[in-house]
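I have placed the structure first, in the form of structure tokens, so that the comments after it can refer back to it.
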Amino acid sequence: MDAEAVRRAAETPVQATAADLDEVARTLSDAFAVDPHMDWFMRPDARRGAVRLAFFRRMAGAGLHSGRIDRPPGGGAAAIWMPFEWLAAPTPLGAELKLLPSMLATTGWSRFGRLMAIRADLDAHHPMQRRHAYLWFLGVAPAAQGRGVGSALLRAANDRLDAEGLPAYLETGTTRNVALYRRHGYEVLSEHRARADSPPMWSMWREAGAG
């Protein structure tokens, strides 16, 4: 992978289509392979790689259906943005029940409670008083990390949101990413944990036109 080419392409991202679903899922799965929260709630056995990929196929599918996915034209990175309206709508009980088998496959029985704790914690800390865009996931293929690809995707998204006058919100689980997002105008709202034994999470907010 030509990391510099990915960075240049990320400066003018395109919206993913259904034809890009497999590449987006693979990129995000690889990007989050060492994520502390994924490591905490995903099953610890030999199936982890497969269920992580399946997890991101579901996330990317939701992004295509209800939000937008920005990516360099040739792939190598992806950002899933979801609208405030999607977050505000309650999930019907039937839809939750349909998700149960895939959630159990992701965690195994021993870690299912961890996933539920993370979901509850994210819901509790997500500010819902104002309309905003939600950066659900942003990931860069490992071979292109550390080259400014994520920053290029963020700048393009921030320009779009500034033109719309729309603030943005995200969560991140590493201090390195906190510093990255701060450089792009995001400020920490809170630091929290799903449980006493879980990794920390930072909730961050960016006003339109900030940085």
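A quick yes/no check of all residues on (1) of a type in the set (Val, Ile, Thr); (2) farther than 20 Å from Ala31 by Cβ:
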| position | (1), (2) |
| --- | --- |
| Arg155 | no, no |
| Leu166 | no, yes |
| Thr172 | yes, no |
| Arg193 | no, yes |
| Met204 | no, no |
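Only one of the numbered conditions (1) at pLDDT below 95; (2) surrounded by 21 or more Cβ atoms within 10 Å (Cβ to Cβ); (3) not in a helix (DSSP H, G or I); (4) not basic (Lys, Arg) is violated by Val6, and that is (3).
Six or more apart or on different chains, Cβ atoms under 7 Å: show the pairs whose first residue is in the stretch 45-60 and under 15 Å from Arg111 (Cβ atoms) and whose second is part of a helix (DSSP H, G or I) and of a type in the set (A, V, I, L, M). Matching pairs, first to second residue: Val51/Ala105; Arg52/Met38.
Of the numbered criteria (1) among the hydroxyl-bearing types (Ser, Thr, Tyr); (2) buried (at least 21 other Cβ atoms within 10 Å of the Cβ); (3) farther than 27 Å from Met1 by Cβ, the one Tyr181 fails is (3). Every condition in (1) at pLDDT 95 or above; (2) touching a His at 6+ places or on another chain (Cβ under 9 Å); (3) of a type outside the set (A, V, I, L, M, F, W, C) holds for Gly211 except the one numbered (1). The condition of being within 20 Å of Gly173 (Cβ to Cβ) and touching a Gly at 6+ places or on another chain (Cβ under 9 Å) holds for only one of Asp39, Asp45, Asp35, that being Asp35. Taking Ala79 and the conditions (1) touching an Asp or Glu at 6+ places or on another chain (Cβ under 7 Å); (2) part of a loop (DSSP other than H, G, I, E, B), which numbered condition does it fall short on, given that it satisfies the others? That leaves (2) as the condition not met. Under the condition of being out of contact with any helix residue (DSSP H, G or I) (no Cβ under 8 Å at 6 or more places or on another chain) and either of a type in the set (Phe, Trp, Tyr) or at pLDDT below 95 (or both), the residues counted in the stretch 49-62 number 1.
Only one of Val14, Val24 is under 14 Å from the mean Cα position of the chain (by Cα), modelled with pLDDT of 95 or more and either exposed (fewer than 13 other Cβ atoms within 10 Å of the Cβ) or β-branched (Val, Ile, Thr) (or both); which?
Numbers: Val14 fails: under 14 Å from the mean Cα position of the chain (by Cα).
None of the other options fit; the residue is Val24.
What are the pairs with Cβ atoms under 7 angstrom where one residue, in the stretch 18-40, is under 22 Å from Arg114 (Cβ atoms) and free of Cβ contacts under 8 Å to residues at least 60 places away in the same chain and the other, located anywhere, is surrounded by fewer than 18 Cβ atoms within 10 Å (Cβ to Cβ) and among the small types (Gly, Ala, Ser)? Sequence gap at least six, or different chains. Partner pairs satisfying both residue conditions: none exist. Among the residues making up the stretch 70-92, those that are of a type in the set (Phe, Trp, Tyr) and at pLDDT below 90 are Phe84, Trp86.
The values are calculated or read from the model by the stated rules, or taken from the named source; none is laboratory data. What you see is a predicted model; the values in this text were computed from it and never measured. Here Cβ is always computed from backbone atoms with ideal geometry, including for glycine, and neighbour counts include all displayed protein chains.
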